[in-house]
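The values are calculated or read from the model by the stated rules, or taken from the named source; none is laboratory data. All values reported here derive from a predicted model rather than from experimental measurement. For neighbour counting, all protein chains shown are included, and Cβ atoms are generated from backbone atoms with ideal geometry for every residue, glycine included. Accessible surface areas use protein heavy atoms only, side chains included; no ligands, DNA or RNA. Shrake-Rupley method; radii C 1.70, N 1.55, O 1.52, S 1.80 Å.
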Amino acid sequence: MANVIVIGAQWGDEGKGKITDLLSKSADVVVRYQGGVNAGHTVVVKDQTFKLHLIPSGILYPETECIIGSGTVIDPKELIAELDKVEALNVSSKNLFISQTAHITMPYHRMIDQAAEERRGNKKIGTTKRGIGPTYADKSERTGIRVVDMMDTDEFAEQLKWTIDYKNVVLEKLYDLQPLDHKEVLDEYVAYADRLRSHVTDSALHIYNAAQQKKNILFEGAQGTLLDLDHGTYPYVTSSNPVAGGACIGSGVGPTTIDRVIGVAKAYTTRVGEGPFPTELDDEVGNMICEVGAEFGTTTGRRRRCGWFDGVISRYAVRINGLDCLAITKLDVLDGLDEIKVCVAYELDGERCTEMPGSARQFGRCKPIYEKMPGWKESTEHCRTLEDLPKAALDYLEFLAKLTEAPIAIVSLGASRDQTIIVEDPIHGPKRALLKENTSAFKVA
Ligand code: GDP
Ligand code: IMO
Ligand code: MG
């Protein structure tokens with residue numbers, strides 16, 4: 001029995017969907033603990049591609065229970081559309097459970113997200129415009145509407161009347177938008193409630209019971225460490241806590257439930273939306289990585305900004321999440337390069353620094369200090385063991401493991417399940433605490 005958290009170690013889109021799907025084979029329960037439909041997790045099985053937004057990436061295993069936890073924000077319209085899509089592909093949703101205490105994204109949240117971004121002008125965050133920030137803001141302000149409220153029509157009607165009156169003032173007076181009609185919104189959301197009712201549960205109790213029965217529970221993070229509200233590159237972050245600590249809060253389990261934390265990082269770095277990105281490449285190599293890696297957003301279709309692997313933020317992710325090991329994805333995307341760079345530190349105002357500064361302004365001034373490594377100039381997508389890899393690729397991975405001080409348990413070389421090297425069993429294998437100095441980065445003592 002092992003309960004494992006899978007988190008993004010960069011700015012999101014690291015390949016969490018692929019890794020979660022892979023590990024879900026041995027999971028009884030998969031829990032999404034934060035975020036909403038801003039997430040886009042891709043799972044490729046044979047010739048089928050699933051783009052999941054709120055539904056956990058364990059859904060493709062018919063016996064695995066999938067839970068949308070209380071720390072998430074749920075846009076019911078989008079969730080129902082997603083359910084319809086997976087069901088059309090013959091994936092059953094009978095094992096999908098929705099937390100009764102998750103917050104609901106309402107039409108005014110989406111409207112305010114869009115209008116607020118416009119108002120910010122050149123200070124915009126580059127949000128997904130899915131209403132995520134405003135939904136979490138209402139949760140904190142204690143004016144949010146939760147799943148359990150939506151399920152009780154009388155209570156919901158009353159709550160909605162008050163809330164819509166309030167939000168209409170904001171929409172009209174602050175953003176010059178059309179007010180919403182209370183009855184229309186009520187009718188729309190009552191229909192959503194009826195569709196989702198059979199999935200709603202006390203998810204924290206559900207997870208507790210699973211843990212008591214010694215079932216394997218996998219906690220699937222959305223977004224990534226650097227997008228964390230508290231520990232990311234604020235204000236260019238999302239409004240929830242993707243870091244490992246967020247899994248306990250967003251699921252309602254105590255930290256003693258967790259056995260392992262696995263970080264997913266690309267062999268390079270990407271970012272969507274605004275905000276500092278020291279290793280960003282604004283050149284041919286950046287374009288090549290974007291094209292070969294198909295770096296376009298799963299949710300918004302936006303072109304992702306691409307750059308070299310950033311050892312500073314990756315070491316930070318190891319520390320903030322207490323990572324036991326790393327899964328390095330998309331190594332194959334670097335196959336064609338003559339030379340590969342890795343950022344080992346920054347130069348900030350003439351000084352070398354090896355930690356990310358707390359202020360976005362200072363972070364924006366950080367210049368990467370690179371180490372250069374030779375490329376391997378051959379295809380790796382068919383490699384299935386470390387021995388199959390070209391020597392330069394192996395050296396590259398070893399360098400990343402040493403730099404981040406975390407063993408690499410998984411190497412991914414393509415979107416499909418089989419395009420993977422399992423270096424060590426990520427659940428029962430390496431634990432970072434066991435990694436001794438001067439041993440091979442792939443091996444534990
Ligand atoms: P997530 O948000 O972390 O789940 O990642 P996304 O699904 O948004 O983006 C990752 C993209 O890379 C998806 O299109 C995956 O199918 C794809 N992918 C995952 N692992 C690999 C890999 O090792 N190599 C390549 N070429 N593509 C991969
Ligand atoms: P997955 O789970 C990458 C980014 C947005 C924006 C910032 C805030 O697929 O890795 P929001 O809509 O959350 O208020 O936007 O966060 N962002 C993501 N970037 N992957 C994601 O999810 C993201 N979810 C949000 O681009 O910069
Ligand atoms: Mg994604």
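For the chain, the longest principal axis of the C-alpha atoms and the axis of helix 76-88 are separated by about 60°. Per residue, the chain reaches -9500 deg cm²/dmol at 222 nm when only DSSP H runs of four or more residues are counted, each adding -39500 (n - 2.57).
Sorted on the mean count of surrounding Cβ atoms within 10 Å across their residues, most packed first, peptides 331-340, 285-294 read 331-340, 285-294. Just so you know, the Rg over Rh for the stretch 103-198 is 0.98, from Cα atoms, with Rh as the Kirkwood radius.
Probing with 1.4 Å while keeping every protein chain in the model, the per residue accessible area of the chain equals 42 Å².
Each distinct pair of alpha carbons in the chain adds a 1/r term; the inverse of their mean, the Kirkwood radius, is 22.4 Å.
Give the shape of the stretch 283-322 as rounded, prolate or oblate, defined through the alpha-carbon gyration tensor: a ≥ b ≥ c are the square roots of its eigenvalues, a/c under 1.5 means rounded, and otherwise the shape is prolate if a/b is larger than b/c and oblate if not.
oblate
What is the stretch 67-152 by shape, rounded, prolate or oblate, if you read a ≥ b ≥ c off the alpha carbon gyration tensor as root eigenvalues and call it rounded for a/c under 1.5, prolate for a/b larger than b/c, and oblate otherwise? In terms of gyration-tensor shape, oblate.
Net charge in the neighbourhood of Cys248 (other residues with Cβ under 15 Å of its Cβ; Lys, Arg +1, Asp, Glu -1) is -2. Oblate is the label for the stretch 156-270, because the ratio a/c of its alpha-carbon gyration tensor axes (a ≥ b ≥ c) is 1.5 or higher and a/b is not greater than b/c.
Order Met356, Met150, most accessible first, counting only protein heavy atoms with a 1.4 angstrom probe. All intermediate terms of the calculation are to be shown ahead of the outcome.
On the way: Met356 30, Met150 5 Å².
My answer, sorted largest first, is Met356, Met150.
The HN-Hα couplings worked out from phi for the stretch 115-125 by the Karplus form 6.51 cos²θ - 1.76 cosθ + 1.60 (θ = phi - 60°) are 5, 5, 4, 4, 5, 5, x, 6, 9, 5, 8 Hz, whole numbers, x standing for Gly and Pro. Round to a whole angstrom and tell me the spacing of the C-alpha centers of the stretch 127-201 and the stretch 5-34. Comparing the Cα centres of the stretch 127-201 and the stretch 5-34, I get a distance of 29 Å.
Using a 1.4 Å probe on the protein heavy atoms, what percent of the accessible area of the chain belongs to carbon and sulfur? Of all accessible area on the chain, carbon and sulfur atoms account for 49 percent.
Tally Lys/Arg at +1 and Asp/Glu at -1 over every other residue whose Cβ is under 13 Å from the Cβ of Gln159; what's the total?
Working: positive: Arg142, Arg146, Lys161, Lys167; negative: Asp138, Asp149, Asp152, Asp154, Glu155, Glu158, Asp165.
Residues close to Gln159 contribute a combined charge of -3.
Near Val37, the amide H atoms lying under 5 Å from its own belong to Asp75; only residues 5 or more places off or on other chains count, and H is placed 1.01 Å from N. Stretching the chain fully between Asp418 and Thr153 yields a gain of 90.7 nm (0.36 nm per residue, less the alpha carbon separation).
Measure nothing fancy, just the Cα-based angle from helix 391-404's long axis to the longest principal axis of the chain, in degrees from 0 to 90, nearest 10. That works out to roughly 60 degrees.
Near Asp349, within a Cβ-to-Cβ distance under 13 Å, what is the net charge of the other residues, with Lys and Arg +1 and Asp and Glu -1?
Working: positive: Arg352, Arg361, Arg365, Lys367; negative: Glu347, Glu351.
Surrounding charge for Asp349 is +2.
Taking the chain as the reference, fit the longest principal axis to its C-alpha atoms, fit the long axis of helix 203-212 to the helix C-alpha atoms, and give the angle between the two in degrees, 0 to 90, nearest 10. That helix lies at roughly 50 degrees to the long axis.
Averaging Cα coordinates gives a centre for the stretch 344-401 and one for the stretch 205-275; these two points are 24 Å apart.
Maximal additional length on extending the Leu186-Leu205 stretch stands at 3.9 nm, based on 0.36 nm per residue less the C-alpha distance.
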